[in-house]
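A.B. asks: Sharing a structure below in structure tokens format, with a few things to ask.
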Amino acid sequence: MAVSDMVATGGARARSNRLRILAVAAQELSRNPQASMDDVARAAGVVRRTLYGHFPSRDALIDGIAQQAAREVTEAFHRGQTDADSPDEAMARFTLAVWEVGDRYRLLIALAQRNLTSAGIHELLRPVREKAAELLENGQRLGVFSDHLPAPALSYAVESMTLGLLQAANDGAWENGDAVAAATACLIAAGVPAGRAASVAERIAAARA
């Protein structure tokens, strides 16, 4: 095998290990928010040196989970997006994408205040928030969404609602909570009539299935 091929193979293996560690860490920290780096290493089946090679601290590990969650939301949204989407359809697709990686977001809610680095969940999720603001601004311009608040402020409100609903489902306060209901709620919060919001959310969810 050529040296270049060996380097490429090693790089792919390292990326695969990193993603696996992040997935296992999210599961472990969901079960036990106080899980240590040693706990994560054991669950992932790697030695401490391997774990610390990817994530030099617990904060760095949680930061990695947050960044991965943000990337997955963006990717999930773009996978199904079409140019023919109306603003409310695009917003429903976005909310459903967030819900698709809800486990990681629920984890981040639980850990954010005491575990994330100074940037915090607020900064790490900025790209997601900015995309939501872009969708809301477009919808306001076309008269689909309410304009009683500027789009960036409305984006914060919708984000808070989504995260709150995720936490409600996690805590058992919303036993029948599902993605369609969450997307419907967010569309209503953005100013879409309830009947239209439910219809759009159901249609987009069915198309994604």
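The values are calculated or read from the model by the stated rules, or taken from the named source; none is laboratory data. This is a predicted model, so every value here is computed, not measured. Glycine gets a Cβ as well: all are built from the backbone with ideal geometry, and neighbour counts include every protein chain shown. Note: areas computed on protein heavy atoms with side chains; ligands, DNA, RNA excluded. Shrake-Rupley method; radii C 1.70, N 1.55, O 1.52, S 1.80 Å.
A.B. asks: Using a probe radius of 1.4 Å on heavy atoms only, what accessible surface per residue do you get for the stretch 126-189? Whole Å² is fine. It would help to have the intermediate numbers written out before the result.
C.D. replies: Numbers: 3250 Å² over 64 residues.
For the stretch 126-189, the per-residue accessible area is 51 Å².
A.B. asks: Under a Cβ-only charge scheme (Lys and Arg +1, Asp and Glu -1), can you give me the dipole magnitude of the stretch 120-173 about the Cα centre, in debye to the nearest 20?
C.D. replies: 60 debye
A.B. asks: In nanometres, what is the gap between the two model label sites at Tyr52 and Arg203, each 7 Å from Cα along Cα-to-Cβ?
C.D. replies: For Tyr52 paired with Arg203, the spin-label model returns 5.6 nm.
A.B. asks: Rank these by accessible area, largest first, 1.4 Å probe: Trp99, Trp174. Walk me through the numbers on the way to the answer.
C.D. replies: Values: Trp99 40, Trp174 65 Å².
I get Trp174, Trp99, largest accessible area first.
A.B. asks: Under the 0.36 nm per residue contour assumption, what length would be gained going from the current alpha-carbon distance of Asn138 and Arg79 to full extension?
C.D. replies: 19.3 nm
A.B. asks: When a/c reaches 1.5 or more, the comparison of a/b and b/c decides; with that in mind, is the stretch 149-201 rounded, prolate or oblate per its Cα gyration tensor?
C.D. replies: oblate
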